[in-house]
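Below: one structure, written as structure tokens.
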Amino acid sequence: MDHAPAAEEHIANATLGQGAGYAVVLGLGGAFAIGMIATTFILRRYNRELQTSEMFNTAGRTVKSGLVAAAVVSSWTWAATLLQSTGVCYRYGVSGPFWYASGATVQIILFATLAIELKRRAPNAHTYLEVIKARYGTVAHLVFMVFGVITNILVSLMLIVGGSATLNALTGMHTIAAIYLLPLGVIAYTMVGGLKATILTDWAHTFILLLIIIIFALTAYASHDVLGSPSAVYDLLIEAATRHPVDGNKEGSYLTMQSREGAIFFVINIVGNFGTVFLDNGYYNKAIAASPVHALPGYIIGGICWFAIPWLTATTMGLAGLALENNPRFPTYPDRMLDSDVSAGLVLPYAAVALLGKGGAMATLLIVFMAVTSAFSSQLIAVSTICTYDLYRAYFKPEASGKRLIYMSHCVVVGYGLFISTFSVGLWYAGISMGYLYVMMGVIISSAVLPATLALLWSGQNKWAAAGAPVLGLATSLTAWLVTSKKQCGELTVQCTGSNIPMLAGNVAALLSPIVFILILTLIFGVDKYDWKSMLEIRRGDDDDFAQEAGVNPEEVNGGHEDTQAEFEVEQAKLVKAGKISRWTTVILALAFLVLWPMPMYGSGYIFSKPFFTGWVTIGIIWIFGSFIGVGLFPVYESRATLARTCKYIWKELTGKSHIKTIHAEEAAVVGTPGDQTPPEKAGLKEEVRSS
């Protein structure tokens, strides 16, 4: 596809100059990189955190629920979260944001159960693929490794392709330059700080992102001169439906949940997002990094807080785009947006320009940059842990030292970043947009969701079912997708294969066909009787070399205090209890988001009245403030003691009141010896066991 005309048009219409694009990508990206590198130095100097292979890849397994929630929200807030959700709102009206948000929230909430089971079954794992290998052996391990890496590649491509398209549209920055420069800062701080730096950056990015979304919402619904209230937006949406009614919506209205195409997107969205959560090692990384008692609340808080981001962003900016497209302020006025531009994710930036001018363009640039870079850092760590532990240590050098493991992680981070940028350039030349990748990913990966889930939840799944069902399911989904495309359009083109009906067929076949294949392979090869013991034998990295350099006991670096049997049993009992709570909680929340809330409105074909629409928007604004408290302020409150202590140490050293050795002695008295990553709550648990 020839991109030259489109690129020239974007440059001509750019609200910000190319300098702004380079300033954000290089300047802000560099500032975050320097900030996270400095944070890693401070943690090492004042909190005595050794950057071992375990710390690099698991963050010491001590992260609290607030930061876990912020990391989950950040990892799940892709460029597509903001851009694609706004696009479906522009196409289908108020139903689009809800279908997007609910269809992608339930996976995070349901994943909480899997996170608890991973902590319980395999407390020393670095990736979910290690669990597959421990249970099923090499063949299944290699199958799931392929699906896992493909998942990370598809997500990474969506991030970079969507982010670079937005940069080009807003600043005129050349798309290829944006593709190669976006990952630079992320690679730098991920290499230095590992998973801990990624999680801390996730919080910072989420904090800024939520503030900008709040500004957008309050501008559109409270202070704008053309919009300025839900009532004004409502009236303009009525006018928009008169000019171009929505095919498949009740009475062509933008103000109804009864949308045929919206409902089809809902199913595609649910299916595809199961794959990108349950097969993305990045989410297992967060579960592994969490302290055992914080995994469940972290994922539940994260899922509930995340819902408001796509729901309110799209309800604000998608509807603002519809309301303002007939206004000279809108970039495409007097024409409607091209479908290709909607698929490329340009509704959000165009609506922001119409709403706030250059300020809106800069705000959009910032939130897309935050979404792309924070989610991409999660992908870097996910792929580096897979390549380091599931490929290098598993098959090439089982006795690799901690230093060697970190060296491999660094190589993978750099190599993967370069690979994704180069692949994205190819997709750009081929005319494959972020929207196409988003709806296609379920077809490719979702056949592995059920077998991966059963690996942790059902002792009866045999190795042939685990290894065979994903492959057979993939063949089924590809066949369903391409045959439906051929039958519907008569030819296989990007436009046809990316349309809703073929994607629906492929996605549903991918998620559901493994049920049949697992049953057949279980009947043929029998029900397994797995005892879960081999998962407990997964070992941590050998960081003796780091211990020798630091002059501490190697046992302290390689996991700290060794649990007694009594301590292990107490922790297991807590995780079993958390598992029961998570099952009930996740089922109730999933039913609320998927059935109890939307389906009565869909079935009745209710068209929103003005008071109802006002209430709908008000709930969204209240919810986003709750999200800001939950993942913006709560992590700071939760870590207040550590923050205060670290700031005190920095002040003492800067003012000459204390030497670093004295500070280390104070810190040792508070948190234990170097390398002891025992969380405070577990330390209290151990004391409780000892006293009993």
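Things worth noting here:
- Given +1 at the Cβ of Lys and Arg, -1 at the Cβ of Asp and Glu and no other charges, the dipole of the chain around its Cα centre is 680 debye to the nearest 20.
- Length available on full extension from GLN18 to LEU478: 0.36 nm per residue minus the Cα-Cα distance, which gives 161.5 nm.
- Ligands, DNA and RNA left out, the accessible area of region 239-337 computed with a 1.4 Å probe is 56% carbon and sulfur.
- Cβ distances below 4.7 Å define possible disulfide partners, and in the chain the cysteines left without one are CYS89, CYS305, CYS387, CYS411, CYS647.
- Here each label is just a point 7 Å from Cα along the line to Cβ, and for TYR395 and LYS580 those points are 4.2 nm apart.
- Count Lys and Arg as plus one, Asp and Glu as minus one, and take only other residues whose Cβ is under 11 Å from that of ALA140; the net charge is then +3.
- Loop-exposed GluC sites (Glu not before Pro) per DSSP, neighbour cap 16 Cβ within 10 angstrom, longest uninterrupted part of the chain: 1-398
- Per-pair calculated FRET efficiency, R0 = 35 Å: ILE588 and ASP235 via Cβ, rounded to 0.05: 0.40
- The chain, helix-only ellipticity at 222 nm - DSSP H runs n ≥ 4, -39,500 (n - 2.57), divided by all residues, nearest 500: -24500 deg cm²/dmol
- Value of relative contact order over the chain, rounded to a whole percent, pairs C-alpha under 8 Å and six or more apart: 27 percent
- Mean accessible surface per residue for the chain, computed with a 1.4 Å probe while every protein chain stays in place, in Å²: 36 Å²
- Long-range amide H partners of SER401 with built H, under 5 Å: none
- The chain: DSSP helices with Cα axial extent of at least 30 Å and average Kyte-Doolittle hydropathy no lower than -0.5: 95-121, 138-171, 175-218, 295-324, 358-385, 402-430, 463-489, 500-525, 565-591
- Loop-resident sites, region 566-607, for chymotrypsin sites (Phe, Trp or Tyr not before Pro), counting at most 14 other Cβ within 10 Å (DSSP): none
- Summing charges over all other residues whose Cβ lies under 13 Å from the Cβ of ASN462, with Lys and Arg as +1 and Asp and Glu as -1, gives +2.
- A Stokes-Einstein calculation at 37 °C with viscosity 0.692 mPa s, built on the Kirkwood radius of the chain over Cα pairs, returns a diffusion coefficient of 127 µm²/s.
- Residue (of ALA323, ALA509, THR655) at the positive-pole extreme of the chain, dipole from beta-carbon charges: THR655
- Calculated on alpha-carbon atoms, Rg and Dmax of region 217-307 in Å: 19.7, 55
- Near the amide H of ALA290, within less than 5 Å, lie the amide hydrogens of VAL63, all on another chain or at least 5 residues away, with H placed in the peptide plane.
- Between VAL471 and LEU26, the FRET efficiency from the beta-carbon distance, with R0 = 51 Å, is close to 0.75.
- Rounded to the nearest 0.05, the FRET efficiency derived from the C-beta distance between GLN488 and ILE37 at R0 = 35 Å is 0.10.
- Local electrostatic count, SER499, Cβ distance below 11 Å [Lys/Arg +1, Asp/Glu -1]: -2
- Estimated dipole of region 186-294 in Debye, rounded to 20 [Cβ of Lys and Arg +1, of Asp and Glu -1, Cα centre]: 380 debye
- Here the accessible area of region 408-504 is 73 percent carbon and sulfur, with a 1.4 angstrom probe and all protein chains present.
The values are calculated or read from the model by the stated rules, or taken from the named source; none is laboratory data. Since the model is a prediction, treat every value here as computed from it, not as a measurement. Please note: Cβ atoms are built from the backbone with ideal geometry, for glycine as well, and neighbour counts cover all protein chains shown. With ligands, DNA and RNA removed, areas are computed over all heavy atoms of the protein, side chains included. Shrake-Rupley method; radii C 1.70, N 1.55, O 1.52, S 1.80 Å.
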